[in-house]
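Colleague: Here it is, the structure, as structure tokens.
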Amino acid sequence: QNNQGLSPESGEQTKEKEQGERPEKERGRLEKYLETAAKGEGLTHLARRALRSYLKDHTLSFHLTPEHKVYIEDYLAKKKGGGWLRLGQKVEFSQDLIKEAIEMSEQLTPSQLENLKQYSQLVPTLNY
């Protein structure tokens, strides 16, 4: 299986997160979410799936609104460099990167959150 240059670093375990599968947990290992691009998907779609999977596996100390999620998805996509994806291309999102994005979203001001509403309204699937 070709990970297209996204192989894990030594000592780390890649947690494959294909559509519908839950990543296995291993104590002492870095948890990663490996997302595969389907037809018409970009980095934001993959970031959205990785965030959803992360939130199923972890409890947060505060409630993420759809506006927080838009910010987090954008943050993750930008950290992965943007650009086009090929059908079947795999992109890895580390637990640390997702946590970093969540922590950054906690610092958003009320006016920033209000501004993000124009985008969150375009993605009804963020209401989970």
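The values are calculated or read from the model by the stated rules, or taken from the named source; none is laboratory data. This structure is a prediction, so every number in the text was calculated from the model and none was measured. For neighbour counting, all protein chains shown are included, and Cβ atoms are generated from backbone atoms with ideal geometry for every residue, glycine included. Only protein heavy atoms, including side chains, enter the accessible area calculation; ligands, DNA and RNA are left aside. Shrake-Rupley method; radii C 1.70, N 1.55, O 1.52, S 1.80 Å.
Colleague: Tell me, which residue of segment 91-128 that is acidic (Asp, Glu) and more than 16 Å from residue 45 (Cα to Cα) is farthest from the chain's Cα centre (by Cα)?
Modeller: 114
Colleague: So, one more: Name, by its number, the condition in (1) of a type in the set (A, V, I, L, M); (2) in contact with a Lys or Arg (Cβ under 9 Å, 6 or more places away or on another chain); (3) under 16 Å from residue 53 (Cβ atoms) that does not hold for residue 102.
Modeller: (2)
Colleague: Still on this structure, please answer the following. Specify the residue that is nearest to residue 88 (Cα to Cα); the eligible residues are those in segment 46-61 that are touching a Leu at 6+ places or on another chain (Cβ under 9 Å) and of a type outside the set (Lys, Arg).
Modeller: For segment 46-61, the residue satisfying everything is 46.
Colleague: Go through segment 27-41 and give me each residue that's small (Gly, Ala, Ser) and at pLDDT below 95.
Modeller: 28, 40
Colleague: Test residue 88 against the criterion of being modelled with pLDDT under 95 and either closer than 13 Å to residue 46 by Cα or touching a Leu at 6+ places or on another chain (Cβ under 7 Å) (or both), and give yes or no.
Modeller: Answer is no for this residue.
Colleague: I need a count of the residues in segment 34-49 that are farther than 12 Å from residue 85 by Cα and either surrounded by fewer than 12 Cβ atoms within 10 Å (Cβ to Cβ) or of a type in the set (Gly, Ala, Ser) (or both).
Modeller: Selection size over segment 34-49: 1.
Colleague: Among the residues of segment 105-128, which ones are β-branched (Val, Ile, Thr) and modelled with pLDDT of 95 or more?
Modeller: Answer for segment 105-128, where residues must be β-branched (Val, Ile, Thr) and modelled with pLDDT of 95 or more: just 109.
Colleague: If you don't mind, another one. Show me the helices (runs of 4 or more DSSP H) entirely contained within segment 50-121 in which 2 or more residues are out of contact with any helix residue (DSSP H, G or I) (no Cβ under 9 Å at 6 or more places or on another chain) and either hydrophobic (A, V, I, L, M, F, W, C) or open to solvent by 20 Å² or more (accessible area, probe 1.4 Å) (or both).
Modeller: Passing ranges, in order: 95-106, 110-120.
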